[in-house]
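These notes concern the structure reproduced below.
The values are calculated or read from the model by the stated rules, or taken from the named source; none is laboratory data. Please read all numbers here as calculations on a predicted model, not as lab measurements. Neighbour counts run over all protein chains shown; Cβ positions are idealised from the backbone, glycine included. These area figures cover heavy atoms from the full protein model, side chains too; ligands, DNA and RNA do not enter into them. Shrake-Rupley method; radii C 1.70, N 1.55, O 1.52, S 1.80 Å.
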Amino acid sequence: MKRHQGCIARRVGLGLCAALISGALPAWAQPSAADKATAEALFDAALDLMKQGRNEEACPRLEQSHRIDPGIGTLLYLAECYEKTGRTASAWATFRQAMSESRAAGQSERARTAQARAARLEPSLSKLTIDVAPEDLAIEGFAVSVAGKPLERPLFGIAIPRDPGEIAIEASAPGHETWKTSVKLGAANAAANVKVPPLKPLAAAPGEPAEPPPAAAVESPAPARGAAAPARSGGGTTRVVGLVVGGAGVVGLGLGTFFGVRAISKNSEAEGYCKGGSTCEDPRGVTLTGEASGAATASNVAFGLGAAAVIGGAVLYFVVAPRQSSSVQVGAMLDGQNVGLRVGGTFE
């Protein structure tokens, strides 16, 4: 089966460029001479500690050195330090980062070393899956954190590599009780699955009504004869529709970024199984290439719909609403060659 990795890279490229332009990915500031000296001192101290077998003390120094002055060599030592302290998921992810940066820098030997170390760790990775009740997904502001860090919605229900040990999990939402638990994730290819139950609404305080009493209805006086009738306006409703459409567009851009990164990751893995040429004979490489192509397609569709929805929401909010639209229809437009948003109706 022929592999078309060049096409996959091009198809994902537009989506990732949009993410880069919008500032979704961080950019490193150029360190000063003093910063470089500090990073070098931290790096040397960490290597001395590793030689003494004091890896728990060495890892934080390597982390700080890389934050100050990022370098591929520092990444490789940091990944090794993580591995020696049993943080297998962190080691695997750091080796893969070093592999990608080495390839980008043209350092093929370091790239091969990092890829081999990551591949050796992958079968032993422990993984955690967080499943969320459908009722929770419908709550505005619902969020889940794992080990104190937010877990993005696209990762719900997916087995994610995690370092072994005790892991705290928390789910929260405005007006609901916070749910907490912890799970002990074992080493050597262990797996854990946590199910977040439906969150309970907060009970009303004693003496406080659960809901405010309905306001008394007051009849508006009939307009005087000859008085002008109030102007009809549909602008408020149209603005709400614009906000909803725009919000859906932001979600679409986020999904496009997620699937784009996934496509590049799968494509990179496929290169490890298919060595040169236009045809891949390794079944695993063919499978990974297919997964990369599927993720690339999902990324482009999500980015196209997301961008169209953001633009459509802006048009509804800033252009259509001030003109007091009396009938507006909004819908997605998708065919084999185009992705967009259709807006129609009559305007007064």
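A few points about this structure:
- Accessible area per residue for the stretch 72-137 is 45 Å², calculated with a 1.4 Å probe on protein heavy atoms, without ligands, DNA or RNA.
- Only protein heavy atoms count here; on that basis, with a 1.4 Å probe, THR85 has an accessible area of about 30 Å².
- Ranked by how many other beta carbons lie within 10 Å on average, peptides 140-153, 55-68 from highest: 55-68, 140-153
- Amide N of the stretch 56-81 lying under 15 Å from the label point, which is placed 7 angstrom from the Cα of GLU109 along Cα→Cβ: 73
- Cα pair distances of the stretch 81-140 binned at 10 Å [whole percent]: 22, 35, 18, 17, 8, 0
- Under a 5 Å amide H cut-off, with hydrogens placed 1.01 Å from N, ASP163 pairs with ALA89, SER90 among residues at least 5 apart or on other chains.
- Solvent-accessible surface (1.4 angstrom probe) belonging to THR257, in square angstrom, nearest 10: 40
- Here the label points at ALA116 and SER182, each 7 Å from Cα along the C-beta direction, are separated by 4.0 nm in the simple model.
- Among residues other than LYS149 with Cβ under 12 Å from its Cβ, the summed charge is -1 (Lys and Arg +1, Asp and Glu -1).
- When the pairs LYS180/LYS200; LYS51/LYS149; LYS149/LYS195; LYS127/LYS180; LYS149/LYS200; LYS127/LYS149 are compared against a 24 Å limit on Cα-Cα distance, LYS51/LYS149 fall above it.
- Heavy-atom accessible area for SER32, with the other protein chains in place and a 1.4 Å probe, reaches approximately 50 Å².
- In terms of overall dimensions, the stretch 68-185 has a Cα radius of gyration and Dmax of 17.5, 55 angstrom.
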